[in-house]
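Please read the structure below before turning to the comments.
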Amino acid sequence: MARVVRRLFALVLSASISLSPADETAPSAGTPTPGTPTVQDGYVQTIAPVTKGVWLIAQPQAFHIQPIGNVVVIEHADGLVLIDGGGSTGAGRRIVDLVRSVSDKPVKAIALTHWHGDHVLGVSAIVQAWPSAEVIATDVTDAHLRGRSMKAYPKGAPDATLQAAFDQRLDSVERSLRDALAKPGLAPREREGFAASQRLFVQYRQDTRDLVLALPTRTFVDSLRLDDATHPVELRHPGRGNTDGDLIAWLPRQRVMVAGDLLVAPVPFGFNAYPADWQRTLRAMQAQTPAWWIPGHGAAMRDDGYVTRVVDLIDATRDAVAAQVRQGASMDDAKKRIDLSAGRAQFAGDDPWLSRWFDRYWTQPFIEAAYREATGAPIEQGEG
Ligand SMILES: [Zn+2]
């Protein structure tokens with residue numbers, strides 16, 4: 001079961017985590033998954049202007065255990081540039097409708113911030129609507145999309161065998177959610193969170209019925225400028241951080257910084273990350289003094305207060321790990337001994353649901369990454 005539970009959330013965020021250590025022995029409640037989602041849960045993305053000629057497609061409620069990455073729409077004279085493409089074919093179809101609700105222009109390019117499924121699996125639906133759209137990524141992200149990291153996904157056209165395997169992974173997610181809900185002692189907020197997650201996976205199963213991964217058609221190594229008279233876009237690989245192939249987008253005229261998952265609110269994600277590089281990259285981005293920060297998940301931000309909190313959190317985590325390494329602690333020892341409750345309170349407040357996921361989506365994976373970094377062990381990208 002441990003293996004299954006780890007695998008299930010490999011699906012969620014290309015990561016290895018579990019709902020909780022005790023889930024392995026929890027009985028299955030056997031209750032049917034209720035309801036359909038999820039407008040009321042803030043899952044279905046909506047579109048809103050950021051500044052003239054720039055829109056953000058985002059989930060009204062920022063945190064979900066299976067999230068959909070933000071999509072930024074930038075208007076050029078000859079078409080629209082999208083940053084990221086949503087997390088499923090269904091989400092991609094809704095993105096097409098949202099884009100059409102604000103502009104008659106065609107999408108001419110979709111730039112991918114990184115390879116994780118919640119940012120790329122909707123691209124196939126978008127290029128179906130605008131077949132001449134370019135799909136742009138860094139060369140490193142392109143390699144992950146074509147290689148081991150995304151080997152579970154059909155490329156170019158649906159594939160019955162891969163689809164069946166994916167659906168089985170969803171079965172195990174749903175079982176784990178039922179098991180989690182059957183446990184005694186959950187706070188009401190956690191119970192509500194798991195119930196909303198059940199509704200989410202009903203929608204996600206519909207949205208992923210015809211999974212296809214659209215591959216990049218254009219790649220770059222360091223930077224690529226998409227020129228325009230009013231809204232030029234500078235795509236950059238700022239170095240490693242959230243992944244080893246991160247792409248950020250900078251609009252020098254509007255001073256909009258599109259950060260991908262280098263910035264995620266309200267709870268950051270720390271899987272297979274590069275802590276020192278991440279910190280350096282965020283500081284370099286702050287030095288550009290953006291007027292707008294657009295995170296990979298969560299609402300657009302006007303100032304960099306949240307960015308500073310993330311930089312400080314990375315700092316605190318790296319320091320704590322370095323101290324453990326100096327004392328000769330193993331990685332498991334370090335995970336047990338390091339107390340990030342002050343950081344957790346800053347990000348999750350007293351919300352037990354967010355606190356739970358702060359521990360699983362940040363503390364555990366990021367301590368692992370920082371431990372690897374401190375001991376010189378390689379940090380490799382996972383599988384989606
Ligand atoms: Zn993401």
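The values are calculated or read from the model by the stated rules, or taken from the named source; none is laboratory data. These numbers were taken from a predicted model, which means no experiment stands behind them. Every residue, glycine as well, gets a Cβ built from its backbone with ideal geometry; the counts of neighbours run over all protein chains shown. For accessibility, only protein heavy atoms count, side chains too; no ligands or nucleic acids. Shrake-Rupley method; radii C 1.70, N 1.55, O 1.52, S 1.80 Å.
Mean-square fluctuations from a GNM of the chain, with a 10 angstrom spring cutoff on Cα atoms, peak among Asp159, Asp84, Asp244 at Asp159. Comparing mean-square fluctuations of Gly185, Gly260, Gly69 from a GNM of the chain with C-alpha springs under 10 Å, the top value falls on Gly185.
The fraction of accessible area contributed by carbon and sulfur in the chain is 50 percent, rounded to a whole number (1.4 Å probe; ligands and nucleic acids excluded).
Contact order for the chain, expressed relative to its length and based on alpha carbon pairs under 8 Å spaced 6+ residues apart, stands at 19 percent. When the Gaussian network model of the chain links Cα atoms closer than 10 Å, the mean-square fluctuations of Ala48, Ala180, Ala125 top out at Ala48. Counting only aspartates and glutamates at least 8 places from Lys105 when in the same chain, those with an alpha carbon closer than 14 Å to its own are Glu75, Asp78, Asp97. Packing here is the average count of other Cβ atoms within 10 Å per residue, and on that basis the peptides 322-332, 289-299, 94-104, highest first, run 289-299, 94-104, 322-332.
Equivalent-ellipsoid semi-axes for segment 104-252 (Cα gyration tensor, √(5λ), whole Å, largest first): 34, 19, 16. Solvent-accessible surface of protein heavy atoms, probed at 1.4 angstrom with all chains present, puts Tyr306, Tyr204 in the order Tyr306, Tyr204, largest first. Pairwise Cα separations in segment 32-112 fall into 10 Å bins from 0 onward with the following percentages, short to long: 18, 52, 23, 6, 1, 0. With viscosity set to 1.567 mPa s and temperature to 4 °C, compute the Stokes-Einstein D of segment 65-124, Rh being the Kirkwood radius across alpha carbon pairs; µm²/s, no decimals. My calculation gives 114 µm²/s for D.
Of the trypsin sites (Lys or Arg not before Pro) found in segment 160-256, the ones in coil according to DSSP and having at most 16 other Cβ atoms within 10 Å of their Cβ are Arg209, Arg253, Arg255.
Computed over segment 277-375, relative contact order equals 26 percent, with contacts defined as Cα pairs under 8 Å that lie 6+ residues apart. The value obtained for segment 202-254, namely the Cα convex hull volume divided by the number of residues, is 162 Å³ per residue.
What number, rounded to the nearest 500 deg cm²/dmol, is the helix-based mean residue ellipticity at 222 nm of the chain, given -39500 (n - 2.57) per DSSP H run of at least four residues and division by all its residues? Calculated mean residue ellipticity at 222 nm is -12500 deg cm²/dmol.
Local charge for Ile83 was computed over the other residues whose Cβ lies under 15 Å away, with Lys and Arg +1 and Asp and Glu -1, and equals -4. Cross-link reach is defined here as a Cα-Cα straight distance under 14 Å, omitting same-chain residues fewer than 8 places apart; for Lys335 the aspartates and glutamates meeting it are Asp319, Asp359, Glu368. With protein chains left intact and a 1.4 Å probe, residues in the chain average 38 Å² of accessible area per residue.
The share of alpha-carbon pairs in the chain lying farther apart than 39 Å comes to 12%.
Quarter the surface of the alpha carbon convex hull of segment 240-384 and you get the mean projected area, 8.7 square nanometres. The phi torsions of segment 317-324, fed into the Karplus equation with coefficients 6.51, -1.76 and 1.60 and a -60° offset, translate into couplings of 5, 5, 4, 5, 5, 4, 5, 5 Hz, rounded to whole numbers, with Gly and Pro shown as x.
The C-alpha radius of gyration of segment 128-179, expressed as a fraction of 2.2 N^0.38 Å, stands at 1.52.
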